[in-house]
Amino acid sequence: MTQQELTTILASGSGKPKITERRAVSAVLPHHLLAGRLLVDAIEALALQEPNLVILVGPNHFNHGGRIISGFSGWQTPEGVMEVDAEVVDHLLAKGLVVTDEEVLAKEHSIGALAPMLKHFLPEADIVPLILHHDISLKEVDALLEGLEVFVDDKAILIASVDFSHYLTRSEAQFKDQETLEYMKDFDYPALFGLGNDYLDSPASLVAAIRLAEQKGIRAFKVLDNTNSGIILRNDFIETTSYFTLVFTENL
């Protein structure tokens, strides 16, 4: 991403981030940059809690390499390098929960698309990038979260980088999103893991955000936004991608 591209995306924000009243322990954001307004508004709101660690979990779109991949290389952005928290990656490696593959990771836009905005709004934060194969199970998600537990304090946030329905008309996408929303509200993991690409591109990444919240005693979330590319582009005939921005906040 160039500086000009980043500036354009940042300018698409509403300028009025939807402030969450309580600290978010996890969130769900898109990685399709057409949804730049949603990304900017959500990340700007999350930045208000000043996390110093962002655990960024997304799909391994090409399903290359190991089942869960991380890496040590920083992410180059127009505003400098977003550094990786090597201690966390070392810990996950030692427990056998991840493998490192810098080549596969560097090509994955579910991480790369968000890094420049995270660096802009959280210039002092470190990242832990994690990309997941399509068939990662709930058991594997739970093991990963257990490995991360010692690092998930009040200065950390887990962000799932997930795009939702693909290749449908905008009305079809809206219908699928409502189905997915009901499964999310019910914390219905079997249903979520059974969804295909016409619903979302990484059930395991989404479930990581939901499951972490549940482990913190959180059984609800706030929908900041939900739309799709057909609505954004005002076109009923294109194949769409749909987007949610969600936050799971601590209970009072």
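The values are calculated or read from the model by the stated rules, or taken from the named source; none is laboratory data. These figures come from a predicted structure and were not determined experimentally. So basically every Cβ, Gly included, is an ideal-geometry build from the backbone, and we count neighbours across all protein chains shown. The area values use the complete protein model at the heavy-atom level, side chains included, leaving out ligands, DNA and RNA. Shrake-Rupley method; radii C 1.70, N 1.55, O 1.52, S 1.80 Å.
Tabulated results
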| read-out | value |
| --- | --- |
| Residue count for the stretch 88-121, restricted to those that are in contact (Cβ under 8 Å) with a residue 60 or more places away in the chain and more than 29 Å from Gln4 (Cβ to Cβ) | 2 |
| Residue check, Leu206 under 16 Å from the mean Cα position of the chain (by Cα), within 19 Å of His32 (Cα to Cα), open to solvent by less than 60 Å² (accessible area, probe 1.4 Å) and at pLDDT below 95 | no |
| Some residue of the stretch 183-193 being part of a loop (DSSP other than H, G, I, E, B) and either out of contact with any helix residue (DSSP H, G or I) (no Cβ under 8 Å at 6 or more places or on another chain) or open to solvent by 20 Å² or more (accessible area, probe 1.4 Å) (or both) | yes |
| Test: residue in the stretch 184-192 that is over 25 Å from Val40 (Cα atoms), in contact with a Lys or Arg (Cβ under 8 Å, 6 or more places away or on another chain) and among the hydroxyl-bearing types (Ser, Thr, Tyr) | yes |
| All positions within the stretch 136-148 that are more than 18 Å from the chain's Cα centre (by Cα), open to solvent by 10 Å² or more (accessible area, probe 1.4 Å) and under 23 Å from Glu250 (Cβ atoms) | Glu146 |
| Residue check, Ala173 under 29 Å from Ile69 (Cα atoms), aliphatic (A, V, I, L, M) and either touching a strand residue (DSSP E or B) at 6+ places or on another chain (Cβ under 7 Å) or open to solvent by 10 Å² or more (accessible area, probe 1.4 Å) (or both) | no |
| Qualifying residues in the stretch 71-109 (those that are acidic (Asp, Glu) and surrounded by 15 or more Cβ atoms within 10 Å (Cβ to Cβ)) - the one farthest from Val150 (Cα to Cα) | Glu108 |
| Residue identified as assigned to a strand (DSSP E or B), free of Cβ contacts under 8 Å to residues at least 60 places away in the same chain and out of contact with any Lys or Arg (no Cβ under 8 Å at 6 or more places or on another chain) among Asn226, Asn197 | Asn226 |
| Residue selected from the stretch 215-240 under the condition in contact with a Phe, Trp or Tyr (Cβ under 6 Å, 6 or more places away or on another chain) and closer than 24 Å to Ile136 by Cβ, by the criterion most open to solvent (accessible area, probe 1.4 Å) | Phe221 |
| Residue satisfying all of: in the stretch 33-50; surrounded by 24 or more Cβ atoms within 10 Å (Cβ to Cβ) and of a type outside the set (Gly, Ala, Ser); farthest from Thr245 (Cα to Cα) among these | Leu46 |
| Matching helices (runs of 4 or more DSSP H) fully within the stretch 60-152 where at least 1 residues are out of contact with any Phe, Trp or Tyr (no Cβ under 8 Å at 6 or more places or on another chain) and of a type in the set (D, E, K, R) | 86-94, 102-106, 138-148 |
| Top-ranked residue of the stretch 51-65 - restricted to ones that are touching a helix residue (DSSP H, G or I) at 6+ places or on another chain (Cβ under 9 Å) and open to solvent by 20 Å² or more (accessible area, probe 1.4 Å), ranked as nearest to Met1 (Cα to Cα) | His61 |
| The stretch 153-168, residues that are over 15 Å from the mean Cα position of the chain (by Cα) and part of a strand (DSSP E or B) | His166, Tyr167, Leu168 |
